[in-house]
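Asker: Next up is a structure, given as structure tokens.
Only the coordinates and a few stated rules stand behind these numbers; no lab work does. Only a predicted model underlies this, so the values are computations on that prediction, with no experimental measurement involved. Please note: Cβ atoms are built from the backbone with ideal geometry, for glycine as well, and neighbour counts cover all protein chains shown.
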Amino acid sequence: MRPAFLSALLGAILSLLVLASLHLGAAALDSADILAALVGQGDPRMVTIVQEIRLPRALLGILVGCALGLSGAALQGLLRNPLADPGIIGTSASAGFGAVVALYFGWALVFPWALPLSAMTCAAGGTLLLLAVAGRDSGTLTLILSGIAISSLAVALTSLAMNLSPNPFALSEIVLWLLGSLKDRSLDDVVLSAPFVLGGGVLMMAAGRGLDVLTLGEEAAASLGVSLRRLRLQVVIGGALAVGAVVAAAGSVGFVGLVVPHLLRPWVRHRPSALLLPSALGGAILVLAADLAVRLIPARSELMLGVLTSLVGAPFFLALILKMRWSRS
Amino acid sequence: MRRLILVLAVMAVAASAAAAPRVASIGLCGDQIVGALLDQSRIAGLSHQADDPALSVVAARARNLPLLPASAEAVLMAGADVVVANRFGDTKTVNLLQKLGVPVLRVDSAESFDQARDILLRTGDRLESAAAARLLAQQVENRLTVLRRSAPKVPPLVAYYRPDGGSAGTGTSVNAALEAAGMESLATRLGMRGWGRLDLETLVMNPPQAFAISFFGIGPYSARRSFARHPVARHMLATLPVIEVPAQLWSCGGWPLIEAAEFLSRHHHRGGEP
């Protein structure tokens with residue numbers, strides 16, 4: 001399938017999911033109500049619900065999915081390993097730790113930008129540590145192992161914060177927040193994270209050609225004039241910006257970056273550059289679909305989005321490992 | 001003339017009732033105030049835990065009221081003019097509601113009777129039912145006086161425990177209820193401040209005269225039952241008097257603390273049940 005056609009198809013599915021997302025909520029609104037509310041007509045309560053609650057939720061879902069799907073595709077291209085994911089190289093856990101610090105010390109209450117800034121700073125810090133340990137001329141295995149170590153460190157620090165938390169309510173707030181959710185996010189959250197997701201996205205999209213050349217091997221790529229160092233920095237910083245921003249807005253939503261590029265890869269004939277845009281769209285589709293599911297599954301308090309994506313993603317991860325082992329033996 | 005005054009008075013009452021804000025609570029701390037102070041017509045909804053008799057003191061009332069998930073959309077659709085939320089949690093929902101112009105009162109879990117009275121009076125004021133709040137506060141005050149009069153001369157030493165081994169020292173709601181019932185908390189005597197853990201070794205070295213336990217009966221709510229399962233703790237709980245205080249009386253510190261204190265006092269007089 002041509003990548004442009006694939007992207008158009010994914011875009012169409014995404015539009016349908018956005019419509020579904022606008023239709024679903026505690027209040028029963030029909031399509032006419034929603035259309036009217038979108039242009040500011042009709043019952044003011046409905047206008048508020050559609051414009052201020054459901055639309056930001058759908059937009060943030062798109063941002064979160066795009067950031068995670070695109071980062072996954074770019075990292076898998078960079079590491080030439082289908083198991084790479086922002087979660088695996090420690091970006092998500094570092095961002096999560098940064099956000100927990102902002103919540104724990106109450107900075108997030110005083111200054112709304114503290115949460116994304118702290119999450120992105122820690123994501124970038126984790127990633128820079130990764131580059132310092134496994135940056136120059138190291139193999140893929142070193143990079144992945146370093147990522148796992150950094151991820152463990154970030155989780156340990158997060159647990160330390162929870163361990164020392166003086167207040168059981170703050171503790172449950174941190175835990176719930178780490179589970180990931182799009183509930184009751186406002187346009188402020190969208191505005192806060194969008195510039196960073198866009199910036200990171202542009203960096204990663206621009207790495208497409210380098211990633212294509214890299215499929216020939218690191219030496220071949222270097223001999224063809226691709227600066228590996230620059231490529232690594234570009235993808236890793238792009239990923240830190242995008243993932244840090246969405247973790248700050250929605251908490252940890254796992255496995256999107258792993259599942260989506262893997263599902264779409266056969267459709268783009270395994271070309272990393274052709275996988276980037278479809279993975280961003282596919283990520284948005286997966287997150288919006290999961291967010292519809294958490295609203296549809298009947299439960300006393302709404303299921304957390306990250307719980308659902310992990311429930312689907314973790315078995316997928318295991319199946320992927322098994323498939324790789326079988327194809328080798 | 002008299003009839004005219006009557007009509008005017010009824011109209012005034014009706015007008016004030018119509019103007020009074022409809023209130024939704026999205027947390028247990030709010031539920032116990034809203035459920036105790038307001039008429040059915042003024043309650044837009046209580047939290048989704050409000051009808052759980054193991055956690056909520058207003059469970060019986062909550063059965064006839066809408067229960068709301070803690071989501072901005074549900075609160076708006078319920079037509080709430082004011083929302084009462086716990087001090088912590090649901091941050092995104094509260095921020096969004098405030099942004100949409102719905103005032104949100106954050107209610108603390110009180111750690112003393114004085115704080116519980118302040119919270120009750122302040123919240124009652126903000127919810128335009130100051131008179132009901134004052135009446136309830138006065139009743140609590142009277143019941144406290146009665147309790148203090150019947151307090152034992154030498155306060156019995158009581159160890160408070162949750163199933164996970166958590167206890168309560170000075171400056172906690174549990175300590176306030178124990179004191180009001182004329183008891184001394186073991187954790188307080190050992191110098192603990194605030195909420196913390198009273199480890200088994202300390203308990204063995206400083207045996208209390210009785211236990212006050214809570215949250216033991218609520219199966220699914222207590223995943224961490226390390227204390228409750230330990231043979232040493234089980235032995236002590238089997239041999240010393242045990243007062244099992246219903247969790248809903250102090251799941252959020254507030255006016256129901258008086259009921260916890262009365263419960264403790266009543267069961268201590270009966271000698272507890274080993």
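Asker: Divide by every residue of chain B the summed helix terms, -39500 (n - 2.57) for each DSSP H run of at least 4, and state the resulting mean residue ellipticity at 222 nm, rounded to the nearest 500 deg cm²/dmol.
Answerer: -13000 deg cm²/dmol
Asker: Still on this structure, please answer the following. Go through B:114-122, B:54-62 and give me the packing order, highest mean Cβ count within 10 Å leading.
Answerer: Descending packing order for the listed peptides: B:54-62, B:114-122.
Asker: Scan around B:VAL242 for amide H atoms under 5 Å from its own, H built in the peptide plane at 1.01 Å from N, and keep only partners 5 or more places away or cross-chain.
Answerer: Under 5 Å from the amide H of B:VAL242: B:PHE211, B:GLU273.
Asker: If a cysteine in the protein assembly as shown has no other Cys Cβ under 4.7 Å from its own Cβ, put it on the list, ordered by number.
Answerer: Result for the protein assembly as shown is A:CYS66, A:CYS122, no neighbouring Cys Cβ within the cutoff.
Asker: Would you list B:HIS230, B:HIS267, A:HIS270 from fewest to most Cβ contacts within 10 Å?
Answerer: In increasing order of surrounding Cβ atoms, one gets A:HIS270, B:HIS230, B:HIS267.
Asker: If R₀ is 35 angstrom, what is the calculated FRET efficiency for the pair B:LEU190 and A:LEU176, using the beta carbon separation as r and rounding to 0.05?
Answerer: Given R0 = 35 Å and the Cβ-Cβ separation, E is 0.60.
Asker: What are the ³J(HN,Hα) values, in whole Hz, obtained from phi via the Karplus relation 6.51 cos²θ - 1.76 cosθ + 1.60 with θ = phi - 60°, for each residue of region A:175-191 in sequence order, with x given for Gly and Pro?
Answerer: 4, 4, 5, 5, 6, x, 6, 10, 5, 6, 7, 10, 4, 4, 5, 5, 5
Asker: Separate question: Can you tell me the relative contact order of region B:20-144? Whole percent, Cα pairs under 8 Å, sequence separation 6 or more. Before the final figure, lay out each step's value.
Answerer: Numbers: 211 pairs, mean separation 30.7, N = 125.
After rounding, I find 25 percent.
Asker: Under the rule of at least 5 residues apart or a separate chain, name every residue whose amide H is placed under 5 Å from the amide H of B:GLY165.
Answerer: For B:GLY165, whose amide H was placed from the backbone, the distant partners under 5 Å are B:PHE227, B:ALA228.
Asker: In addition: If I take R0 = 22 Å and measure r between the Cβ atoms of B:GLN139 and B:ARG22 in this structure, what FRET efficiency does the formula 1/(1 + (r/R0)^6) give, to the nearest 0.05?
Answerer: Using R0 = 22 Å, I get an efficiency of 0.30.
Asker: Another question, if that's okay. Long-range amide H contacts for B:TRP195: which residues qualify at under 5 Å (H placed 1.01 Å from N, peptide plane, sequence gap of 5 or more or a different chain)?
Answerer: B:GLY169
Asker: Counting alpha carbon pairs within less than 8 Å and at least 6 residues apart, what relative contact order, in whole percent, applies to chain B? Don't jump to the answer; show the numbers that get you there.
Answerer: Numbers: 485 pairs, mean separation 46.9, N = 274.
With pairs under 8 Å counted, the relative contact order is 17 percent.
Asker: Using r as the Cβ-Cβ distance of B:LYS153 and B:ARG106, and R0 as 35 Å, what FRET efficiency do you calculate, to the nearest 0.05?
Answerer: Result of the calculation: an efficiency of 0.25.
Asker: Quick check: residue separation of A:LEU164 and A:LEU128 times 0.36 nm, minus the Cα distance between them. What number comes out in nm?
Answerer: 10.3 nm
Asker: Leaving out same-chain residues fewer than 8 places away, which lysines sit with a Cα under 28 Å from that of B:LYS99?
Answerer: A:LYS183
Asker: Convert each backbone phi in region A:22-35 into a coupling constant with the Karplus relation 6.51 cos²θ - 1.76 cosθ + 1.60 (shift: θ = phi - 60°), then list the ³J(HN,Hα) values in order as whole Hz, x for Gly and Pro.
Answerer: For region A:22-35, the Karplus-derived couplings read 5, 7, 9, x, 4, 8, 7, 10, 8, 4, 5, 4, 5, 4 Hz, x marking Gly and Pro.
Asker: Quick one: angle between helix A:114-134 and the longest Cα principal axis of chain A, in degrees between 0 and 90, rounded to 10, please.
Answerer: Relative to chain A, helix A:114-134 is tipped by roughly 10 degrees.
Asker: Cut-off 10 angstrom, C-alpha nodes, Gaussian network model of chain A. Which of A:VAL202, A:VAL243, A:VAL18 fluctuates the most?
Answerer: Per the Cα network of chain A with a 10 Å cutoff, A:VAL202 tops the list.
Asker: Once you average over the residues of B:173-183, how many Cβ atoms of partner chains fall within 10 Å of each Cβ?
Answerer: 0
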